[in-house]
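Asker: Can you keep this structure in mind? I'll have questions shortly.
The values are calculated or read from the model by the stated rules, or taken from the named source; none is laboratory data. It should be emphasised that the depicted structure is a prediction, and the values quoted were computed from it without experimental measurement. Cβ: placed from backbone, ideal geometry, glycine included. Neighbour counts: every protein chain shown. Heads up: the accessible areas ignore ligands, DNA and RNA and are worked out on the full protein's heavy atoms, side chains in. Shrake-Rupley method; radii C 1.70, N 1.55, O 1.52, S 1.80 Å.
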Amino acid sequence: MTSVRYLWNWIKEAGRGHVTAFLSWGGFFIYIVVTIFALQSDSYSTFSGIGSESLLYLSMGLGVLAAAAGFCYLEQPVKLDFYYSLPVKRGTIFWSKYIHGIVQVLFPLFISMAVCGFYECSINRDFVAYAGYYVLQSAVLFSLVFLIFYHISIVSFLAGGRFVTVLVLFASFIYGGQVVFQGIGNAYAKYFFKTFYRIPELEAMKEALTPEQLARKLTGAFLYDKIEALEYVPEKEIVLAAFFWILLFAVLMVCLERKRKVENVGKVFAFSAAERAFVFFVSVVLALLFGNLAMGYGILLVFLFHILAEMLIQRQGNALFRRKWQMAAECALVLLMTEGFAAGAKAFNDFSPERDEVSAVRICVNGMDMSQAEYEENFPGKETYETERKLEQFKFTEEGLAEGLFWIQSLKEKAETDGKAWEYSFATVCYEMKDGRQRYRVYPVDEVDFQSFSRVFETKEYKEKAYPALLWENVGDNRFAWKDGVCNQILKLTKEEKEVFLKLYKEEVLEFRMEELREAAPSGIVEMNSDKWGETEELLIYPFFEKTCAFLKEHEEIREDLLDYPVQSLKVKEDVPDRKEETYVGDGYAGGVRIEHYETEEELKEWRGRLVWTKLDVQPLLCPLGYRGGIEADVEEPESGAVVNVKCCEMMETSKTP
């Protein structure tokens, strides 16, 4: 009974410290006010709970600040002597402050969620159906985020003997996972594995063991769509990882609090075990990080960083070579990791699943169905938005799967032996295994390989991915418009004519061969818009689609060449490399760029059949287009008489390589 009474009294005593209360109540009050104003202006793009980055950072920040306000006394010898001189158990002081920190943050957190949820219900009827679930789940998930950072901060205060050490330990806990799995794991994989693109398991480990990234994933801070946020449920693995962090550091907290000695305050570390673990971690991590730059010197680097760490901690020359067994373990681990990556390189690069092991394959060929700019910004093994988008788009499970696996098999032999093969293009591949795993690889593609991709391209499954209009039906009520950079012209077709047009287009898309794409760039785009479903699809119209083009010309005045319009002026910029300032280069040059204007009919004639609207640049390898320093045409729009500035590119004679 006495212990219970003392605990209650110390909880009340700790509650008299108003720093945590001021920070939490003040922070959440500001959050409520800002969120309410944001909801008033735009309730459909404002997140009051899940999806809110500001609430995420507030929860993480309060976890750190609440721990600092409650437990900074652990690094202050004078205050520590005062507390421990009182007739109260040390555990009572510690745990009363711990409970006080949790209550003073979680209570206003739940209140702020309720207030924001109630207010959003009053202004957005669509939110009412989600309100209870969204508010409660938001409060719980952000509470978990607070507890993760609260526990990490407290353990840092317990293990450190000085404020500087506390900061270093906190940074190690927060960023250690990212350094290990991204800075070391990914770097070594790229160095040793020639076909490396990404390893999902490494990314999952980095996400789970990096508290900030885990918190973002847990609370949906990466979401942009309101409905997705309202219906968001974090993955089971993410929730388990959050509880792992909370419980692990709770156990460490209990152990360290019981064994922490007052006389260790002022030392670099309050526990020798913490010191050994820190030196081990820092020595191994730094050796592997720098070892990637100086491969083969990992053992020497371990020795060097171990000595440096000991010097910073002990500052005694006679103690630098202590713990020789630990140094040996560090060297062994570094050697094991570097040799392990080297030994696994062949198995990784030669990975070749059997057909019955794969449920689907995703393929992105750089330079196929993308613009020149997208083609040039991609590099082998580098993740880009365009590559990920293409991998998402081109997923094959039927005939495309069989042809795709056959084509990929021919690429593997060149990945290790032919360095020049990477210069033309490359293919990024994702094998979706039947056991649920994903295996990513990237392979070089030379010109012969690119031509042989026609086996995949000419399958019905590929064309349905590349030309989604093949899957559209019943388009009689849709709006059709012709776009070629000058006009955005509504096609006045009847319902029957729209169905006939789409039928002709489908037939020609399914029939044409990949090699025909070398003949010409698209003439324009037919935009098909469904008001009923809110969907839009753009149909590329090639000159060799004879039936489709004939149908369009029969019903509307369609121009296949930009010079079929009245072009008033054509401006062509040409970069002048290595121009010396003292050299006179003549009229029309400025700032290293030569500018020419073509305005007469005779001057423009030489450009007939060569100008292409930049949006129609979709095959940089099959039908390469040149941009020079920039090509712009001022064209008179026939119906309105307005002058339209069209960004253009130029048809090239031969295929272009990067």
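Asker: Restricting region 160-186 to residues that are of a type in the set (A, V, I, L, M) and within 20 Å of MET60 (Cβ to Cβ), which is farthest from the chain's Cα centre (by Cα)?
Answerer: Restricting to residues being of a type in the set (A, V, I, L, M) and within 20 Å of MET60 (Cβ to Cβ), the top hit is VAL166.
Asker: Determine the pairs where a residue that is among the aliphatic types (A, V, I, L, M), located within region 156-179, has a partner that is not in a helix (DSSP H, G or I) with Cβ atoms under 7 Å apart, the partner being 6 or more residues away or on another chain.
Answerer: Every condition considered, the pairs that remain are LEU158/ARG260; LEU158/ALA270; ALA159/PHE269; ALA159/ALA270; ALA159/PHE271; VAL166/GLY160; LEU169/GLY160.
Asker: Answer yes or no as to whether GLU447 is of a type outside the set (A, V, I, L, M), farther than 20 Å from ASN349 by Cβ, in contact (Cβ under 8 Å) with a residue 60 or more places away in the chain and in contact with a helix residue (DSSP H, G or I) (Cβ under 8 Å, 6 or more places away or on another chain).
Answerer: On the way: of a type outside the set (A, V, I, L, M): yes; farther than 20 Å from ASN349 by Cβ: yes; in contact (Cβ under 8 Å) with a residue 60 or more places away in the chain: yes; in contact with a helix residue (DSSP H, G or I) (Cβ under 8 Å, 6 or more places away or on another chain): no.
Against the criterion (of a type outside the set (A, V, I, L, M), farther than 20 Å from ASN349 by Cβ, in contact (Cβ under 8 Å) with a residue 60 or more places away in the chain and in contact with a helix residue (DSSP H, G or I) (Cβ under 8 Å, 6 or more places away or on another chain)), GLU447 does not qualify.
Asker: Wholly within region 120-235, which helices (runs of 4 or more DSSP H) include no fewer than the required count, namely at least 1 residues that are open to solvent by less than 30 Å² (accessible area, probe 1.4 Å) and not small (Gly, Ala, Ser)? Step through it out loud before you land on a result.
Answerer: On the way: elements: 125-128, 131-159, 163-178, 187-192, 200-208, 211-219, 226-230.
Output list reads 125-128, 131-159, 163-178, 187-192, 211-219, 226-230.
Asker: Turning to a different aspect of this structure: Quick one: how many residues across region 442-457 are open to solvent by 10 Å² or more (accessible area, probe 1.4 Å) and outside any helix (DSSP H, G or I)?
Answerer: 1
Asker: Another question, if that's okay. For the structure I just gave you, tell me whether GLU392 is within 26 Å of the chain's Cα centre (by Cα), modelled with pLDDT of 90 or more and loosely packed, with under 14 Cβ neighbours inside 10 Å. Please lay out each step first, then the result.
Answerer: On the way: within 26 Å of the chain's Cα centre (by Cα): yes; modelled with pLDDT of 90 or more: yes; loosely packed, with under 14 Cβ neighbours inside 10 Å: yes.
Criteria met by GLU392.
Asker: Next question. Regarding region 267-276, can at least one residue be identified that is open to solvent by 30 Å² or more (accessible area, probe 1.4 Å), at pLDDT below 85, outside the structural domain of SER153 (by the TED database) and within 17 Å of GLY176 (Cβ to Cβ)?
Answerer: There is at least one residue in region 267-276 that is open to solvent by 30 Å² or more (accessible area, probe 1.4 Å), at pLDDT below 85, outside the structural domain of SER153 (by the TED database) and within 17 Å of GLY176 (Cβ to Cβ).
Asker: Which of the strands (runs of 3 or more DSSP E) contained wholly in region 462-566 include at least 3 residues that are farther than 29 Å from PHE396 by Cα?
Answerer: Details: elements: 479-483, 488-490, 524-530, 535-541.
Answer list for region 462-566: 479-483, 488-490.
Asker: If you take the residues of region 561-596 that are modelled with pLDDT under 80 and of a type in the set (D, E, K, R), which of them is most open to solvent (accessible area, probe 1.4 Å)? Please lay out each step first, then the result.
Answerer: Within region 561-596, the first condition is being modelled with pLDDT under 80, and the residues that meet it are 575-593.
Add one more test, that the residue is of a type in the set (D, E, K, R), and what stays is 575, 578-582, 587.
Values: ASP575: 97, ASP578: 147, ARG579: 90, LYS580: 126, GLU581: 174, GLU582: 145, ASP587: 139 Å².
Here the answer is GLU581.
Residue-wise test of (1) touching a residue at least 12 places away in the same chain (Cβ under 8 Å); (2) closer than 29 Å to HIS597 by Cα.
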{"position": "GLU516", "(1), (2)": "yes, no"}
{"position": "PRO522", "(1), (2)": "yes, yes"}
{"position": "GLU535", "(1), (2)": "no, no"}
{"position": "GLU538", "(1), (2)": "yes, no"}
{"position": "GLU546", "(1), (2)": "yes, no"}
{"position": "GLU556", "(1), (2)": "yes, no"}
{"position": "ARG559", "(1), (2)": "yes, yes"}
{"position": "ASP564", "(1), (2)": "no, yes"}
{"position": "VAL567", "(1), (2)": "yes, yes"}
